[in-house]
Every structure is written in structure tokens, then in C-alpha cells.
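What follows is a set of notes on a single structure, which appears directly below.
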């Protein structure tokens, strides 16, 4: 930990300058430790210069290690006064360092994972889009993306969605499509069963649709979800997507989502 191991046999009576060079601390720091009583040289030369003994150097070694572990000077002084057992000090220092190593190792893993995600820059290809979502979605994807960015590019939701989805694998997009199909199938079942769009069953389906957005894209409060659903009837492109699944589905989904938002 000291960067340069103190050789006790060579430094049994060492001057401030010699100790500073060997330990890697400044002369000024050693003088300060002396002034506050933290590490006081036990002897003086005939000329009055401070001289460090073997015991002084051992105490200094503990001080330097504790300081590098982040302890303040008052804490170091308290630790040194708790006991005079060198082995106990070394054991405490070792335990603290081991804990730090564990924390830093976990931090490195987190950073590596983040770097891998950022550097991979995986983007689903048009071929994979076509395979998963079909020709209509793929052919218009770039236009939808550009329009959405123009509308919402500065919003937190857009930024969060971009952050999450840019690294999704093909398998993850397939899972998203499966969940969307399941929700839509439930809406169709309710619509064709003449279940009212404001019923509990329809609102539950709307809530599952909202939860899917939260799970995969961004936090979507119920009011925001209702505003999105309004586009299902206001924008012919969105309406057509639902109408292609089942006639009347766009209005049914919109009404169920709005009812779910009001229920909250």
C-alpha cells in the first residue's frame, strides 16, 4: 500500500527527508503529523534534527494506509489509540481493503456491462423488422421514426425509449411482438363478444397494453396512454393498423384506454 516498502533495518534512525522519500509523503506532511501528535519522531540528532525509529515508522505505515483508505486524521488517531497490536491494525486494514476490492470489482462489472451495451450499438435490421412485424410496418418505419422524433424528440419518454431499445436483440423484439399480439387478441375477443369498451375486462386489457409500454419502452402514465390512444382514431395510419386486425377495433381500444385512465 505504501508504494515503496519501508525497510526497517535501513531506516532504524531516519531523517525526515529519508522517510519522506521512502514512504512517498511530503516533508511538510511529516511535519504536520508531528505537530498534531499523530506521528512524532522519538529521537533527535546532535544537530537537533528529527529522527524516526523503527516503532515510529511502523506507526507512520499505519497512518499512511488508513489515509489511503479514506479515513480522516481524527479517525486515524482514534484507530491508532484503540490498541497497540500491529497484527490487529494490519488485519483491520486488510479487511477494509478486501471490502473495497469487492465494491470496486462490482463497479467494474457494471461499467463493463454499460460499455458493452453502448459499444454494441445493435439495431434491428430491416430484414428482421420485416420478419417480425411484417411488410407494412417495415416499409413505413423510417417515416414513422422521423415523424415521432420531430413530435417528441425532446421529451423524456422519447429519450428513455431510445436508450432502452437501441440495444434490443431480435429475440427481445420478437417477445415484444408476441405480447402485442396477445393484447390485441384480447381486445378482438372482447370486441367480437359485444363486451362494452368501458367494462372491467376491456379496461384490464388496456392496462396490460399500458404496462407493456412501461415494461419495454418508457414510463407511460394513464393520462399519457389516453392521449396516445386518441391517435388511434384521429390518425388514419394508426386507425388502419387496428382496422386491419378487426373492423371497429381502433375505436374500441381508444375507448378502453380512456376508460382505464378515468378508472385510475
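The values are calculated or read from the model by the stated rules, or taken from the named source; none is laboratory data. The structure displayed is predicted, hence computed values, not measured ones. Reconstructed Cβ throughout: ideal geometry from the backbone, glycine too, with neighbour counts over all protein chains shown.
General remarks:
- Lone unmet requirement of (1) surrounded by 11 or more Cβ atoms within 10 Å (Cβ to Cβ); (2) within 45 Å of the chain's Cα centre (by Cα) for residue 28: (1)
- Scanning the range 16-25 for residues that are part of a helix (DSSP H, G or I) and either surrounded by fewer than 17 Cβ atoms within 10 Å (Cβ to Cβ) or touching a strand residue (DSSP E or B) at 6+ places or on another chain (Cβ under 7 Å) (or both) turns up 16, 17, 18, 19, 21.
- Selection within the range 239-264 - within 35 Å of the chain's Cα centre (by Cα) and in a helix (DSSP H, G or I): 257, 258, 260, 261, 262, 263
- Any chance residue 209 is touching a residue at least 40 places away in the same chain (Cβ under 8 Å) and either under 31 Å from the mean Cα position of the chain (by Cα) or not in a helix (DSSP H, G or I) (or both): yes
Per-residue answers, yes or no, for (1) in a loop (DSSP other than H, G, I, E, B); (2) at pLDDT below 85; (3) farther than 25 Å from residue 16 by Cα; (4) in contact with a strand residue (DSSP E or B) (Cβ under 6 Å, 6 or more places away or on another chain):
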position	(1), (2), (3), (4)
59	no, no, no, no
62	no, no, no, no
67	no, no, no, no
75	no, no, no, no
81	no, yes, no, no
88	no, yes, yes, no
91	no, yes, yes, no
96	no, yes, yes, no
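- Selected residue (criterion: surrounded by the most Cβ atoms within 10 Å (Cβ to Cβ)) from residues of the range 31-49 that are in contact (Cβ under 8 Å) with a residue 24 or more places away in the chain and either within 12 Å of residue 60 (Cβ to Cβ) or not assigned by TED's automatic domain parsing to the domain that holds residue 75 (or both): 39
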